[in-house]
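Undergrad: Mind having a look at this structure? Questions to follow.
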Amino acid sequence: MSARLLLLEDDPAIARTVAYALERDGLVVTHSLLVHDARQQMAAHRFDLLVLDVGLPDGSGLDLLRDLRNAVPTAATPVLMLSAHGEEIDRVLGLELGADDYLTKPFSPRELAARVKALLRRAGKGPAATATPLFHDDEAGQRISLRGQALPLTRREYRLLAHLLRGAGRIHARDALLAAAWGDDSDSTDRTVDTHIKTLRAKLREVDPGREYISTHRGMGYCIDI
Ligand code: CA
């Protein structure tokens, strides 16, 4: 059964992109614009995970979080908080009040989706809880398999993919990837990264033609979505 998620976010544009990313991953998303509505939804339905914005027109997501943690049905429900840029105090307070994870705006919807999936897995609700892992990184042998099938990777490709996987859901700048996979080899450039990403994509497609794992973020870098 699909995991049910409540998204409390008063910015319609953010809510739309977030809901789209989560629904694409098979989650059922209920969206509330106001704290009042979120409370009603939670009184009527059970949710597997809550994504709560902090600043809302009729109150604070932090106050709601405090109430949720004190109520038996929602005391252990995973909560991911969203807050405006630079509100460090919200982050600290959110974690103290029992939020399981925290994202500061602006964030990539894919990063949010990756974090949500990780929280669901931790709670035993994710699809990966029972299935074999999508990617397996055998660090000692410098080998990675996808869906149980070993990928024929060069040493650079292995290091590139391993680095992307360790920071799955995050956008990695080309120079960071360069440093991770090439060290201080001065002959390498951003182009080198692009070329290797291209061959890596082709190798992933050989095993799983139905899915594009590595996404390009213009002017920012690359991200692996799992
Ligand atoms: Ca807001």
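Undergrad: Which of the residues spanning the stretch 98-108 are hydrophobic (A, V, I, L, M, F, W, C) and surrounded by fewer than 19 Cβ atoms within 10 Å (Cβ to Cβ)? Explain how you work it out, then say what you get.
TA: Residues of the stretch 98-108 that are hydrophobic (A, V, I, L, M, F, W, C), as a first pass: 99, 103, 107.
Those that are hydrophobic (A, V, I, L, M, F, W, C) and surrounded by fewer than 19 Cβ atoms within 10 Å (Cβ to Cβ): 103, 107.
Undergrad: Does the stretch 52-78 hold any residues that are more than 19 Å from residue 116 (Cβ to Cβ), open to solvent by less than 40 Å² (accessible area, probe 1.4 Å) and within 14 Å of the ligand (Cβ to nearest atom), and which are they?
TA: 56, 59, 60, 62
Undergrad: Quick one: which of 111, 88 is open to solvent by less than 40 Å² (accessible area, probe 1.4 Å) and either over 16 Å from residue 60 (Cβ atoms) or in the same structural domain as residue 44 (by TED's automatic domain parsing) (or both)? Working first, answer last.
TA: Numbers: 88 fails: open to solvent by less than 40 Å² (accessible area, probe 1.4 Å).
After ruling out the rest, the residue left standing is 111.
Undergrad: Further question: When you scan the stretch 38-138 for strands (runs of 3 or more DSSP E) that lie fully inside it, which ones turn up with 1 or more residues that are in contact (Cβ under 8 Å) with a residue 40 or more places away in the chain?
TA: Numbers: elements: 49-53, 79-83, 101-104, 135-138.
Correct list: 49-53, 79-83, 135-138.
Undergrad: Please work out if residue 126 is surrounded by 14 or more Cβ atoms within 10 Å (Cβ to Cβ) and either at pLDDT below 90 or in contact with a Cys (Cβ under 9 Å, 6 or more places away or on another chain) (or both). Before the answer, list the steps.
TA: Working: surrounded by 14 or more Cβ atoms within 10 Å (Cβ to Cβ): yes; either at pLDDT below 90 or in contact with a Cys (Cβ under 9 Å, 6 or more places away or on another chain) (or both): yes.
Yes: the conditions hold for residue 126.
Undergrad: Condition test on residue 43, is it farther than 23 Å from residue 21 by Cα, surrounded by fewer than 21 Cβ atoms within 10 Å (Cβ to Cβ) and either within 13 Å of the ligand (Cβ to nearest atom) or of a type in the set (Gly, Ala, Ser) (or both)? Steps first, please.
TA: Values: farther than 23 Å from residue 21 by Cα: yes; surrounded by fewer than 21 Cβ atoms within 10 Å (Cβ to Cβ): yes; either within 13 Å of the ligand (Cβ to nearest atom) or of a type in the set (Gly, Ala, Ser) (or both): yes.
Yes; evaluated as a whole, the condition is true for this residue.
Undergrad: Something else: What are the residues in the stretch 1-37 that are of a type in the set (Gly, Ala, Ser) and assigned to a strand (DSSP E or B), if any? First the steps, then the outcome.
TA: At the first step, the residues of the stretch 1-37 found to be of a type in the set (Gly, Ala, Ser) are 2-3, 13, 15, 19, 21, 26, 32.
If the condition is that a residue be of a type in the set (Gly, Ala, Ser) and assigned to a strand (DSSP E or B), then 32 is the only one that fits.
For (1) over 28 Å from residue 105 (Cβ atoms); (2) at pLDDT 90 or above, each residue gets a yes or a no:
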| position | (1), (2) |
| --- | --- |
| 164 | no, yes |
| 173 | no, yes |
| 183 | yes, no |
| 186 | yes, no |
| 205 | yes, yes |
| 212 | no, no |
| 223 | no, yes |
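Undergrad: Residue by residue through the stretch 1-40, note down the ones that are within 15 Å of the ligand (Cβ to nearest atom) and more than 18 Å from residue 111 (Cβ to Cβ).
TA: 8, 10, 12, 31, 32, 33, 34, 35, 36, 37, 38
The values are calculated or read from the model by the stated rules, or taken from the named source; none is laboratory data. These figures come from a predicted structure and were not determined experimentally. For neighbour counting, all protein chains shown are included, and Cβ atoms are generated from backbone atoms with ideal geometry for every residue, glycine included. Ligands, DNA and RNA are excluded from the accessible area calculation, which covers all protein heavy atoms including side chains. Shrake-Rupley method; radii C 1.70, N 1.55, O 1.52, S 1.80 Å.
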